[in-house]
Each structure stands twice: as C-alpha cells, then as structure tokens.
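Q: One structure follows; several queries about it will come next.
The values are calculated or read from the model by the stated rules, or taken from the named source; none is laboratory data. What you are looking at is a predicted structure, and each value in this text was computed from that prediction instead of being measured. Cβ sites come from the backbone with ideal geometry, for glycine too, and all protein chains shown count toward neighbours. Side chains included, ligands, DNA and RNA excluded: accessible areas come from the protein's heavy atoms. Shrake-Rupley method; radii C 1.70, N 1.55, O 1.52, S 1.80 Å.
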Amino acid sequence: MLAITTANALVFLIFWEIMTLSSFFLAAFENEKQEVYEASLYYLIAMHVGAVFLITAFAWLTLSCSSYDFEALKKFLLQNPGKAQGIFFMIFIGFGTKAGFFPFHSWLPKAHPAAPSHVSALMSGIMIKTGLYGIFRFLTWMEKPTPLMGYTLLFLSLLTALYGILFAVNEKDIKKQLAFSSIENIGIMGTGLSIGMLGLAYGNSGMSVFGFSGALLHLFNHALFKTNLFLSTGNVYIHTHQKNMEKLGGLIKPLPSTSFVFILSAAALSGLPPLNGFISEFYLYLSMLKGISSSPVLFVSLTSAFALLAFIGAMAVVAFTKTIGIGFLGQARTNLEHPFPEEPKRLLPLFGLTALLVAAGLFPQIFILPLKNILPLFIKTDISSLLLSLQTIAVNLSLASFLFLLLLGLLLLLRKGLLRNKTRSSH
C-alpha cells in the first residue's frame with residue numbers, strides 16, 4: 001500500500017524492496033522443503049534483477065532534475081520527451097519482472113506453487129499488479145508514448161499471454177496451472193495497455209480510452225477470480241493434500257461450495273458471459289476495432305492481436321474445462337485424507353469474492369465509474385463523449401447479461417418440463 005501511494009522515488013524504492021522481502025518470506029514459509037527453498041530464492045534473485053533496472057532508471061531521472069519528487073520527474077520528462085523512450089524500456093524491464101511479462105516471467109510458475117495457497121492468492125491477485133501500476137504511473141509522466149514503445153509492449157504482451165495459456169493447458173498441478181494462467185492474464189492486461197499507448201501515439205482517443213479501460217478493468221477482475229481460484233485450490237489441498245488433478249476427481253460431492261466457486265471463477269477467467277472477465281475482454285476487443293483503420297501497420301497488428309486474443313480465450317476454456325472435468329466432476333480417484341465438512345470460515349471469503357465478480361459482470365456500469373477520474377491522467381484531450389460511450393456500452397452489456405440469464409432460466413425450465421414424465425435408466 002505504501003509503495004503505490006508514495007510520490008517520492010527514493011521512498012518508493014525502499015517500500016518496493018520491503019514488499020519484495022515480505023513476499024519472499026511468505027513464499028518461503030515451508031522452506032524446510034528443498035523445492036520451496038529453491039523457488040523462493042529464485043524469486044528473490046529475479047526481483048532484485050528487476051530492481052537494478054528500476055534503480056538505474058530512477059537514478060538517471062533524479063540526477064537529471066536534482067529531485068526525488070514524482071512531480072519533478074514528470075516535469076523533466078515533459079520538457080525532455082526525447083529521453084522518455086530509453087527510460088521507459090528500463091522501467092518496463094523492472095516493473096515487467098514483477099508483473100511476470102515474457103521473458104522476465106520464469107520466477108512466477110516456481111514461486112506460486114511453492115507458496116501456501118493464501119499467499120499465492122495475495123501474490124497473484126495483488127502483488128504482480130504492482131508491476132502494471134508502475135508502468136501505468138510512468139505513462140502519466142510522459143507527453144505521449146512513441147509507436148515503438150506501443151508495438152514492443154503489444155508484441156511482448158501477446159507472447160506472454162500465448163506462452164502462459166499453452167503451458168496452462170498441459171499442466172497437471174493445479175497451482176502451477178493457475179500460475180501460468182496469471183502469466184496469460186498479465187499478457188491480456190499488457191495488450192490493453194499497449195493498445196492504449198498506440199492510441200496515444202497515433203492520436204486515436206477512442207482506441208486509448210477502450211484499451212486503458214479494458215486493461216484496468218481486467219486488472220481488477222483478475223484480482224477477484226484469481227484470488228478465488230487460489231483459495232479454492234487451498235481448500236482442496238486441505239482436504240486431500242493433493243495438487244495433481246489426475247489424482248483427484250469427484251470433488252463436487254464432498255466439497256460442493258468450493259467446487260461451485262472454482263467453476264464459476266474459472267468461467268470468469270475464461271471470459272464467459274455474464275461474468276466480469278467477459279466485460280473487460282469485451283472492451284479490449286472494442287479497442288482493437290477502434291484502431292483498425294488508423295494506419296496499415298496498425299491494421300495488421302490489431303487484426304493479428306484480435307485473432308490471437310480470441311485463440312487464447314478459447315485455449316483458456318479448454319484448460320479449465322479439463323481441470324474441472326478431471327478434478328471436480330467424474331469419479332473420485334483417491335480417498336479424501338480429511339473427510340470433514342467444509343468450514344464456513346474458509347468459505348466466507350470465497351463467497352464474498354464470488355459476489356463481487358458476479359456483480360462486476362452484471363452491473364459493469366458501477367465498476368467503471370472510477371475510470372472517469374483515471375483515464376484523463378493518460379489522455380490529455382477531451383474524452384467526455386468517449387466516457388459517456390463507455391458508460392452506455394456498460395449499461396447495454398448489463399441488459400444483455402440479464403437477458404442471457406433469463407433465456408438460460410427459460411431453457412432450464414423447458415428442459416425440466418420435458419423430462420418431468422420421463423423415467424431415467426440406470427444403465
């Protein structure tokens with residue numbers, strides 16, 4: 001909290017280091033296990049490699065303007081726009097390592113499975129987002145990004161998302177699968193961020209508004225459903241002492257509430273309507289459509305990104321359909337080591353987060369309200385009409401979600417009516 005609220009470069013770096021050390025000790029909680037000890041040490045080294053780039057970038061800025069104050073750094077960059085690009089790439093490596101962008105991601109699938117599940121939830125749901133916060137914060141100091149910055153981030157973001165989901169599809173360890181999925185979702189957020197940057201570079205405000213909105217909404221949405229998924233996995237581990245999905249099965253019977261939360265959160269992660277993940281990804285697709293006609297290079301880049309993002313979304317559905325089908329449905333493959341009932345104290349945070357992610361999907365017009373104050377920090381032109389459009393689309397999405405649920409309810413009632421007088425065979 002201190003790292004993201006300070007406005008002094010030196011103080012920021014101190015709090016950034018405290019955050020790194022805190023998360024290291026949390027990840028190394030079970031350090032008597034060799035794999036946990038090695039993973040947490042790997043994480044610590046990776047974070048300090050990233051910190052070197054951050055220290056270098058901030059040292060360059062503070063020496064240039066003789067001040068640690070963020071406002072002074074912003075003023076210097078606005079007066080010297082030619083230096084912003086070089087500093088941005090150092091900032092991106094530093095913050096991108098914390099976020100888990102490819103190729104600085106290697107610590108993430110090691111540290112998350114090694115940490116206790118509630119620590120993994122904190123690291124994936126909140127901590128890795130501080131890397132994105134740093135990039136967003138740096139953008140507010142610039143007059144406008146260059147096309148090279150936008151295209152580089154777009155390429156690396158799509159590569160990050162593709163890498164993460166391809167490994168998630170083939171992973172048997174549920175926590176490792178969730179870690180790779182976090183890499184995928186960081187790539188999706190980075191895609192929105194890069195589209196917003198390209199919109200600024202080409203003077204396309206619509207592209208910027210929808211790109212930044214999609215990235216910021218997905219940042220918030222991911223914090224909800226990924227925290228839920230890690231906490232649900234923790235509940236499964238408490239009862240089974242097992243993370244290998246191929247040794248699980250039939251968990252929906254002994255752990256109905258945990259299974260329900262995991263399935264719903266996985267559907268949100270996969271971008272299925274009417275949940276919150278669908279809303280943020282919808283805005284990302286709109287941002288690409290807004291910028292397709294800006295230039296030939298942008299046309300090719302955005303149409304490729306659109307297709308690739310659709311493929312990544314489909315692969316996310318495949319990955320979590322496999323996990324749910326093997327681990328939660330079907331026949332049990334092992335006896336529960338601790339066959340006690342689910343405890344309400346462990347279910348309360350799951351239900352709270354589930355209520356939030358459902359509400360964010362059904363009432364997105366409420367959750368985009370803070371964007372009206374955030375977006376003008378990046379986009380200096382008048383965007384009042386675009387903000388109104390953002391809100392109108394959210395209201396329409398809300399109505400579409402309720403119509404979807406109504407149609408689904410009618411279909412279920414119809415099915416129940418048709419099967420009322422049917423006898424089921426046990427064969």
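Q: Considering only segment 49-77, state which residues are in contact with a helix residue (DSSP H, G or I) (Cβ under 9 Å, 6 or more places away or on another chain) and open to solvent by 70 Å² or more (accessible area, probe 1.4 Å).
A: 49, 52, 53, 55, 60, 66, 68, 75
Q: Just one of (1) farther than 17 Å from residue 44 by Cα; (2) aliphatic (A, V, I, L, M); (3) in contact with an Asp or Glu (Cβ under 7 Å, 6 or more places away or on another chain) trips up residue 114, so point out which.
A: (1)
Q: I'd like the full set of residues that are open to solvent by 70 Å² or more (accessible area, probe 1.4 Å) and either assigned to a helix (DSSP H, G or I) or free of Cβ contacts under 8 Å to residues at least 40 places away in the same chain (or both), limited to segment 320-333.
A: 321
Q: Please list, ordered by residue number, the helices (runs of 4 or more DSSP H) wholly in segment 356-427 having 3 or more residues that are among the hydrophobic types (A, V, I, L, M, F, W, C), without any contact (Cβ under 8 Å) to a residue 24 or more places away in the chain and surrounded by 10 or more Cβ atoms within 10 Å (Cβ to Cβ).
A: 384-418
Q: Can you spot a residue in segment 121-139 that is of a type outside the set (Phe, Trp, Tyr), out of contact with any Cys (no Cβ under 6 Å at 6 or more places or on another chain) and over 30 Å from residue 376 (Cα atoms)?
A: Yes, segment 121-139 contains a residue that is of a type outside the set (Phe, Trp, Tyr), out of contact with any Cys (no Cβ under 6 Å at 6 or more places or on another chain) and over 30 Å from residue 376 (Cα atoms).
Q: Looking at the structure I just gave you, is residue 266 surrounded by fewer than 23 Cβ atoms within 10 Å (Cβ to Cβ), outside any loop (DSSP other than H, G, I, E, B) and small (Gly, Ala, Ser)?
A: For residue 266, the condition - surrounded by fewer than 23 Cβ atoms within 10 Å (Cβ to Cβ), outside any loop (DSSP other than H, G, I, E, B) and small (Gly, Ala, Ser) - is not met.
Q: Scan segment 234-241 and give yes if some residue there is closer than 30 Å to residue 149 by Cα, crowded, with 22+ Cβ neighbours inside 10 Å and not aromatic (Phe, Trp, Tyr), otherwise no. Talk me through it step by step, then tell me what you get.
A: Kept after step one, since they are closer than 30 Å to residue 149 by Cα, are these residues of segment 234-241: none.
No - not one qualifying residue is present in segment 234-241.
Q: Test residue 95 against the stated conditions and say whether it is of a type in the set (Phe, Trp, Tyr), open to solvent by 30 Å² or more (accessible area, probe 1.4 Å) and part of a helix (DSSP H, G or I).
A: no
Q: Let me ask something else. Any residue in segment 299-317 that is under 25 Å from residue 275 (Cα atoms) sitting within a Cβ distance under 8 Å of a residue that is open to solvent by less than 70 Å² (accessible area, probe 1.4 Å) and among the polar types (S, T, N, Q)? List the pairs, counting only those 6 or more apart or interchain.
A: 305/191; 309/191; 313/270; 316/181; 316/270; 317/270
Q: Would you check which residues across segment 291-309 are touching a Ser or Thr at 6+ places or on another chain (Cβ under 8 Å) and surrounded by 19 or more Cβ atoms within 10 Å (Cβ to Cβ) and list them?
A: Listed by number, the residues that qualify are 305, 309.
Q: Also, quick follow-up: List the pairs whose first member sits in segment 79-90 and is modelled with pLDDT of 90 or more, whose second member is open to solvent by 40 Å² or more (accessible area, probe 1.4 Å), and whose Cβ atoms are under 7 Å apart, counting only residues at least 6 apart or on separate chains?
A: 87/60; 90/53; 90/56
Q: Could I ask something else about it? Any residue at all in segment 126-145 that's touching a Gly at 6+ places or on another chain (Cβ under 7 Å) and under 30 Å from residue 328 (Cα atoms)? Break it down into steps so the answer makes sense when it comes.
A: So in segment 126-145, the residues touching a Gly at 6+ places or on another chain (Cβ under 7 Å) come out as 128, 131.
Filter once more, so that each one left must be under 30 Å from residue 328 (Cα atoms): 128.
The answer is yes, given that some residue of segment 126-145 is touching a Gly at 6+ places or on another chain (Cβ under 7 Å) and under 30 Å from residue 328 (Cα atoms).
Q: I've got another one for you. Going through segment 24-48 one residue at a time, which ones are within 21 Å of residue 230 (Cα to Cα), open to solvent by less than 70 Å² (accessible area, probe 1.4 Å), in a helix (DSSP H, G or I) and not small (Gly, Ala, Ser)?
A: Correct list: 24, 36, 43.
Q: Please verify whether residue 151 is over 26 Å from residue 381 (Cβ atoms), open to solvent by 30 Å² or more (accessible area, probe 1.4 Å) and assigned to a helix (DSSP H, G or I), treating the condition exactly as stated.
A: Considered against the rule, which asks whether it is over 26 Å from residue 381 (Cβ atoms), open to solvent by 30 Å² or more (accessible area, probe 1.4 Å) and assigned to a helix (DSSP H, G or I), residue 151 comes out as no.
Residues checked against (1) of a type in the set (Gly, Ala, Ser); (2) closer than 30 Å to residue 209 by Cβ; (3) buried (at least 23 other Cβ atoms within 10 Å of the Cβ):
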residue	(1), (2), (3)
221	no, yes, yes
289	no, yes, no
311	no, yes, no
318	no, no, no
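Q: Here is a follow-up. Right, residue 279: surrounded by fewer than 24 Cβ atoms within 10 Å (Cβ to Cβ), closer than 23 Å to residue 182 by Cβ and among the hydrophobic types (A, V, I, L, M, F, W, C) or not?
A: No, not satisfied.
Q: Just the residues that are open to solvent by less than 40 Å² (accessible area, probe 1.4 Å) and part of a helix (DSSP H, G or I), please, taken from segment 163-178.
A: 164, 165, 168, 169, 174, 175, 177, 178
Q: Looking at (1) in contact with a Leu (Cβ under 8 Å, 6 or more places away or on another chain); (2) farther than 21 Å from residue 115 by Cα; (3) at pLDDT 90 or above, which is the only condition residue 65 fails?
A: Here residue 65 clears every test but (3).
Q: On to the next question. Which count do you get for residues in segment 179-208 that are crowded, with 24+ Cβ neighbours inside 10 Å and more than 30 Å from residue 246 (Cα to Cα)?
A: Count: 14.
Q: Kindly indicate the residue of segment 33-62 that is among the polar types (S, T, N, Q) and under 27 Å from residue 117 (Cβ atoms) and also farthest from the chain's Cα centre (by Cα) among those meeting that condition.
A: 34
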